[in-house]
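Structure record follows, encoded as structure tokens.
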Amino acid sequence: MLRGKKIHIVTFASIVLLLIISGCVSTPVSTPASTPIPASSPAISAPYSQAHNPEQPPLQIPAINVTSYPANVTGETNFTIQFEVSGGTNQGNITHASVHWGGRSGGADIRDYGRFSEVYTGRVPQQFSTELIAPASGIIFFRAHALVDGADIYSNEYQIRIIPR
């Protein structure tokens, strides 16, 4: 009789172990919580952190992307940087779009670059192309910047190596 109970216990334990190993026992699926974008985000300012008002057109987070630039350029020659601006309201107004650049990394403050390209205006979405003249040598650091519906937006920082003549 004792031997029969042992067989039942071993059989039951084996079945439970097989269920666990085979994945038949599952855990509840959790739904990830959405992560709000903080109003203090360096890429966007206050108008895009507010709740949507049904009376206003829907807001899309404005974005700026550098789409083309040379990795290297010969000193004292012209070169082109292209970028695009998108997002904002359906009537997204671009009051400033330019490339800020200089001989050292600008960090968080675009004024550190020291120079900027021609300033463009328009409505989103829009593509821009600006032509700059390379210095004689060194490295150019740059970021594209735009002001869309009152919000400052910035691209990542990029660099171009200058090949001396």
Quiz item: So which residues in region 66-76 are within 16 Å of SER117 (Cα to Cα) and buried (at least 17 other Cβ atoms within 10 Å of the Cβ), if there are any at all?
Solution: VAL66, TYR69
Self-check item: Long-range neighbours under 9 Å by Cβ, at least six apart or interchain, first residue on the phi < 0 side of the Ramachandran plot within region 106-122, second loosely packed, with under 12 Cβ neighbours inside 10 Å
Solution: ALA108/PRO42; SER117/GLU131; GLU118/GLU131
Quiz prompt | Residue list for region 148-165, restricted to those being more than 19 Å from the chain's Cα centre (by Cα) and buried (at least 19 other Cβ atoms within 10 Å of the Cβ) | solution = ILE160, ILE162
Exercise. May I ask you to verify whether PHE79 is buried (at least 19 other Cβ atoms within 10 Å of the Cβ) and not in a loop (DSSP other than H, G, I, E, B)?
Key: no
Practice problem: Give, as residue ranges, the strands (runs of 3 or more DSSP E) completely inside region 83-147 that count at least 3 residues that are open to solvent by less than 40 Å² (accessible area, probe 1.4 Å). | Solution: 93-102, 126-133
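The values are calculated or read from the model by the stated rules, or taken from the named source; none is laboratory data. Model, not experiment: these values are computed from the prediction. Glycine also receives a Cβ, built like all others from the backbone with ideal geometry; neighbour counts cover every protein chain displayed. Keep in mind that these areas ignore ligands, DNA and RNA; they rest on the heavy atoms of the full protein, side chains included. Shrake-Rupley method; radii C 1.70, N 1.55, O 1.52, S 1.80 Å.
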